[in-house]
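The structure under discussion appears below in the form of structure tokens.
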Amino acid sequence: SQVPNVLHVLQSQNVGEKIEVKGWVKSLRKQKENVFVDISDGSTGKKLQVLVPQKLFPAGITAGASITAEGILSLSPRGQIELSAENIKIVGKCVLDSYPFAPRKQYQPEYIRQYLHLRPRTNTFSSILRVRSSAVLAIHKYLNSEGYTNVHTPVLTSNDCEGAGEVFKAIPDDINLLKTMVKDKVPLEEAFFDTKTFLSVSGQLHLEAAAHALSKVYTFGPTFRAENSRTRFHLSEFYMLEAEIAFLDNIQDLIMIIEKLIKHVTKSLLDASDNDLKFCHGENKLDLTWINKNFPILTYDEAVAIIKKRSKQFKAEFDDKVGISKEHEIFLVNYCGGIPTFIINWPKSIKPFYMRECENDSTRVASLDLLAPGVGEIVGGSLRENDYNKLKEKLPNSNAQLNWYLDLRKYGGVPTGGFGLGFERYLLLLLGINNIKDVIPFPRWPHNCSL
Ligand code: 4AD
Ligand code: MG
């Protein structure tokens, strides 16, 4: 038979065919004559029941073991496809004494997180991985249909785009190599590339270079932040979708682009009636009705006024230097009816150098954050300063390597705007999951990079 060995393509039209399946035992029940083995190959959340006569059942098959089984695909009395095995073999036993997950048992995410290498085997986490993969695909598909070009921005870079000093340094490990490369007075950390080199905190500046030729561009890859924030919303390595659009000089247009993207991608994932998405949502009814509503927009000043009016309900009094906290963010979204909410026109003093000043108020920049229910900030974006002289004044001294960025304004410069969507934060919104460490295959956070 030509049926591929992938459970997600098995359908009732394959009934009657002889097939071979490969996968892992999720659970098994022994009855007098037969053993019922539920297997999964991870290509789908659905399991296949394999019916094995007792006399053919090899010793050593337990939950967690890997097997191959051959037989005729048939319909069970309840109308489900199952395999009547004529042959079943162990590929690898599972040492149950030390295996941390018992079949059909539910565990807390904190417990499962202790076993990152075995975590993909749990039903919940394999579902999350498949949803994550579908969401990546949905984003690429949508942006492609909107005429964007995908540009790979570098991971190794000499700029600290956000200027927050949260960069990881990237230097060769080989001191001897460095010593042979050191030129006059160049510090060791600049010996390899001739500049200080970091892991990218954002691909934005390179994306702006591409937008000045390709108009609508995006990049979707890992970014790195050395923040000492040990919250359920922060990772040291996270995936960011960044888009940059040329000839855009209006924050309302940027708002529309972001709102449309998030609604469209979310709707397409819900419409796919994905069993994994349903499985992740579980019993707790996650409210995603915001996909049919307009996202509210508040200015920073309006948001702060609302927070100050309710000051008693927060842990600490509002402090202009600290700004809007996570607690405030989540409150603001609830205040706006649980719909993702844009906060626009932030104080220039707390935002990066590249943001364009508001036309009517030079203390504010044309910028936005999108806050999501239960999560807080999921998007940050802005119009970019495209005036050569103004930008030159604002370039931070520490970013002396950014003359190329200034150049973009010299040769056919155009107004551009763009944004970055924290992909894991979006998944928290989509899935209603509590902790960002549970939506990325191998999370990195302070003191945790060993696996
Ligand atoms: O707001 P941020 O810092 O914006 C930028 O990096 C811009 N250069 C993007 C652009 O305009 N092209 O980061 C964007 C988003 C945040 O809104 C948040 O969702 C996510 O990235 N993010 C994190 N996600 C997980 N862990 C962290 N430590 C994160 N830091 C930011
Ligand atoms: Mg931000």
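The values are calculated or read from the model by the stated rules, or taken from the named source; none is laboratory data. Just so it is clear, the model here is predicted, and its values are computed rather than measured. Neighbour counts run over all protein chains shown; Cβ positions are idealised from the backbone, glycine included.
Data for the structure
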read-out: Some residue of region 257-269 being surrounded by fewer than 16 Cβ atoms within 10 Å (Cβ to Cβ), out of contact with any strand residue (DSSP E or B) (no Cβ under 6 Å at 6 or more places or on another chain) and within 23 Å of Leu371 (Cβ to Cβ); value: yes
read-out: Answer residue from region 392-429, given it is among the small types (Gly, Ala, Ser) and crowded, with 19+ Cβ neighbours inside 10 Å and is farthest from ligand 1 (Cβ to nearest atom) among those; value: Gly417
read-out: Members of region 21-41 found to be without any contact (Cβ under 8 Å) to a residue 24 or more places away in the chain and assigned to a loop (DSSP other than H, G, I, E, B), listed by number; value: Gln31, Lys32, Glu33
read-out: Qualifying residue in region 150-159 (condition: in contact with a helix residue (DSSP H, G or I) (Cβ under 8 Å, 6 or more places away or on another chain) and in a helix (DSSP H, G or I)); value: no
read-out: Qualifying residue in region 163-178 (condition: of a type in the set (Lys, Arg) and touching a helix residue (DSSP H, G or I) at 6+ places or on another chain (Cβ under 7 Å)); value: yes
read-out: Tally, over region 149-165, of residues that are at pLDDT 95 or above, surrounded by fewer than 21 Cβ atoms within 10 Å (Cβ to Cβ) and either closer than 17 Å to Gly420 by Cα or in contact with a Pro (Cβ under 8 Å, 6 or more places away or on another chain) (or both); value: 6
read-out: Qualifying residues in region 270-301 (those that are basic (Lys, Arg) and under 19 Å from Gly338 (Cβ atoms)) - the one surrounded by the fewest Cβ atoms within 10 Å (Cβ to Cβ); value: Lys285
read-out: Subset of region 374-390 [more than 15 Å from ligand 1 (Cβ to nearest atom) and either under 28 Å from the mean Cα position of the chain (by Cα) or over 21 Å from Ile344 (Cβ atoms) (or both)]; value: Tyr388, Asn389
read-out: Strands (runs of 3 or more DSSP E) within region 335-451 that include 3 or more residues of a type in the set (Ser, Thr, Tyr) and over 30 Å from Asp276 (Cβ atoms); value: 361-372
read-out: So Ile350, is it more than 20 Å from the chain's Cα centre (by Cα), closer than 30 Å to Gly165 by Cα and either surrounded by 16 or more Cβ atoms within 10 Å (Cβ to Cβ) or among the hydroxyl-bearing types (Ser, Thr, Tyr) (or both); value: no
read-out: Hits in region 409-427 (condition: under 30 Å from the mean Cα position of the chain (by Cα) and closer than 15 Å to Arg356 by Cα); value: Pro415, Thr416, Gly417, Gly418, Phe419
read-out: Search result, residues across region 57-76 that are in a loop (DSSP other than H, G, I, E, B), touching a residue at least 24 places away in the same chain (Cβ under 8 Å) and surrounded by fewer than 14 Cβ atoms within 10 Å (Cβ to Cβ); value: Pro58, Gly60, Ser76
read-out: Selection within region 194-240 - modelled with pLDDT under 95, surrounded by 15 or more Cβ atoms within 10 Å (Cβ to Cβ) and farther than 21 Å from Val375 by Cα; value: Lys196
read-out: The listed residue being under 30 Å from His8 (Cα atoms), away from ligand 1 (no atom under 12 Å from the Cβ) and basic (Lys, Arg), out of Lys267, Lys260, Lys216; value: Lys267
read-out: Check on Lys267, touching a helix residue (DSSP H, G or I) at 6+ places or on another chain (Cβ under 8 Å) and among the basic types (Lys, Arg); value: yes
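Matching residues to (1) part of a strand (DSSP E or B); (2) surrounded by 15 or more Cβ atoms within 10 Å (Cβ to Cβ):
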position: Ser43; (1), (2): no, yes
position: Gln49; (1), (2): yes, yes
position: Lys55; (1), (2): no, no
position: Leu83; (1), (2): yes, yes
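Yes/no per residue for (1) under 21 Å from the mean Cα position of the chain (by Cα); (2) polar (S, T, N, Q); (3) not assigned by TED's automatic domain parsing to the domain that holds Trp24:
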site: Ser127; (1), (2), (3): yes, yes, yes
site: Leu156; (1), (2), (3): yes, no, yes
site: Cys161; (1), (2), (3): yes, no, yes
site: Ile175; (1), (2), (3): no, no, yes
site: Val182; (1), (2), (3): no, no, yes
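Table: residues versus (1) within 26 Å of Leu332 (Cβ to Cβ); (2) of a type in the set (Gly, Ala, Ser).
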position	(1), (2)
Val375	yes, no
Gly380	yes, yes
Lys390	no, no
Leu395	no, no
